[in-house]
1. Looking at this structure, is PHE186 in contact with a strand residue (DSSP E or B) (Cβ under 7 Å, 6 or more places away or on another chain), under 18 Å from LYS262 (Cα atoms) and touching a residue at least 60 places away in the same chain (Cβ under 8 Å)?
2. Would you check if VAL254 is within 16 Å of ligand 2 (Cβ to nearest atom) and not polar (S, T, N, Q)?
3. Give the residue that is farthest from VAL124 (Cα to Cα), with candidates limited to residues of the stretch 182-235 that are among the basic types (Lys, Arg) and assigned to a loop (DSSP other than H, G, I, E, B).
4. So if I check each of ARG88, ARG48, which one is among the charged types (D, E, K, R), modelled with pLDDT of 95 or more and not in a loop (DSSP other than H, G, I, E, B)?
5. Within the group ILE84, ILE61, ILE53, which residue is buried (at least 20 other Cβ atoms within 10 Å of the Cβ) and either within 23 Å of TYR189 (Cα to Cα) or within 16 Å of ligand 2 (Cβ to nearest atom) (or both)?
6. Which pairs do you get when a residue that is within 17 Å of ILE84 (Cβ to Cβ), found in the stretch 42-55, comes within reach of a residue that is of a type in the set (Val, Ile, Thr) and modelled with pLDDT of 95 or more, reach meaning Cβ atoms under 7 angstrom, with the pair 6+ apart or on two chains?
7. For the stretch 109-181, please list each of the helices (runs of 4 or more DSSP H) lying entirely inside it that holds at least 3 residues being out of contact with any Gly (no Cβ under 8 Å at 6 or more places or on another chain) and among the small types (Gly, Ala, Ser).
8. Identify, please: which residue in the stretch 236-245 is loosely packed, with under 14 Cβ neighbours inside 10 Å and not aliphatic (A, V, I, L, M) and is, among those, modelled with the lowest pLDDT?
Amino acid sequence: MSSNSETAAAEDSPAPGPATTAATDSAVAPFKVIAVMPAYNAASTLERTLRDIPSGAVDEIILVDDCSSDNTVEVATKLGLTVIRHERNTGYGGNQKTCYTEALNRGADVVVMIHPDYQYDSRVIPIAAELIRLGNVDLVMGSRIRTRAEALAGGMPAWKYIANRGLTMFENIVLGQNLGDFHSGFRAYRREVLETVPWRKNSDDFIFDTQFLAQSVYFGFRLGDIPVPVRYFAEASSINFRRSTRYGLLTLWVMKQFLLQKLHLWRFRIFQK
Ligand SMILES: Nc1nc2c(ncn2[C@@H]2O[C@H](COP(=O)(O)OP(=O)(O)O)[C@@H](O)[C@H]2O)c(=O)[nH]1
Ligand SMILES: [Mg+2]
């Protein structure tokens, strides 16, 4: 074989490596990163959350205020964010629906969701965006649980830790994944994920998050995670035992829906495009 025919064969075959997007193409293409913040009474923690975002890491920050009773809107406006205000409280899922609609309308290539309650380490935003830009994954989850000792020392209540471990293990098995934490509030998405997943059909409540992950797996997107240390303090965590229990039971229901849908035994709206 001459070296010429080897070159021709190499040109025909796809480039090696994990990326589906050619790295050279994405390196030159403009790549718009938008951070979205679903906010509810976040006035006292917003500025701290923003301060930790590395400069130049995001092109725009959209804050959606879900009819807070504090002055979240005034603080966010003063800090120069793009602010959208709900006239009535729609819930955490409803808030995210507005966040993603706005981010897509504004041309985001990657959307990073971060809570404005200063719970998640916002310094990792560019790392999550870069993993998506490189083509390694389509959706990045921030895992709050690197080790048990670290999670508990960081202030995660023991009952939350135990519930999280049980649910995450079960979800990994059902969805065929290997994520460290299925219930984190730090998430980054490739635009195509938001364009494909029918998240508008999801709940307006907290279970929106679990539905979204099950849908992402169902539609064939690649999920990955990075360690994101969290802080626990009064303003950063308001979900009580009762609400968490309801959320846990609904998570099991979403897993059941996923299995029935995958096995063609039933059809659920949230898995219909
Ligand atoms: N829209 C809306 N968001 C809420 C509500 N309660 C909490 N959130 C938001 O949901 C996110 C998670 O709530 P949080 O109390 O921090 O939960 P935890 O950290 O998991 O205990 C935060 O960004 C809150 O701003 C609510 O009633 N409505
Ligand atoms: Mg929180």
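The values are calculated or read from the model by the stated rules, or taken from the named source; none is laboratory data. Owing to the predicted nature of the structure, the values given are computational and were not obtained by experimental measurement. Cβ sites come from the backbone with ideal geometry, for glycine too, and all protein chains shown count toward neighbours.
1. Values: in contact with a strand residue (DSSP E or B) (Cβ under 7 Å, 6 or more places away or on another chain): yes; under 18 Å from LYS262 (Cα atoms): no; touching a residue at least 60 places away in the same chain (Cβ under 8 Å): yes.
Considered against the rule, which asks whether it is in contact with a strand residue (DSSP E or B) (Cβ under 7 Å, 6 or more places away or on another chain), under 18 Å from LYS262 (Cα atoms) and touching a residue at least 60 places away in the same chain (Cβ under 8 Å), PHE186 comes out as no.
2. Details: within 16 Å of ligand 2 (Cβ to nearest atom): no; not polar (S, T, N, Q): yes.
No.
3. Quick first cut of the stretch 182-235, residues among the basic types (Lys, Arg) only: 187, 190-191, 200-201, 222, 231.
Then keep just the ones that are assigned to a loop (DSSP other than H, G, I, E, B); that gives 222, 231.
Working: ARG222: 19, ARG231: 14 Å.
Here the residue is ARG222.
4. Numbers: ARG88 fails: not in a loop (DSSP other than H, G, I, E, B).
On inspection, the qualifying residue turns out to be ARG48.
5. Details: ILE84 fails: buried (at least 20 other Cβ atoms within 10 Å of the Cβ); ILE53 fails: buried (at least 20 other Cβ atoms within 10 Å of the Cβ).
Just one listed residue meets the conditions, ILE61.
6. Filtered contacts from the stretch 42-55: ALA42/THR72; ALA43/THR72; ALA43/VAL75; LEU46/THR72; LEU46/VAL75.
7. Values: elements: 125-133, 148-153, 158-175.
Of the helices (runs of 4 or more DSSP H) lying wholly inside the stretch 109-181, those with at least 3 residues that are out of contact with any Gly (no Cβ under 8 Å at 6 or more places or on another chain) and among the small types (Gly, Ala, Ser) span 148-153.
8. The initial filter retains those residues of the stretch 236-245 that are loosely packed, with under 14 Cβ neighbours inside 10 Å, namely 238-243, 245.
Checking which are not aliphatic (A, V, I, L, M) leaves us with 238, 240-243, 245.
Working: SER238: 83, ASN240: 90, PHE241: 92, ARG242: 93, ARG243: 94, THR245: 96.
The residue in question is SER238.
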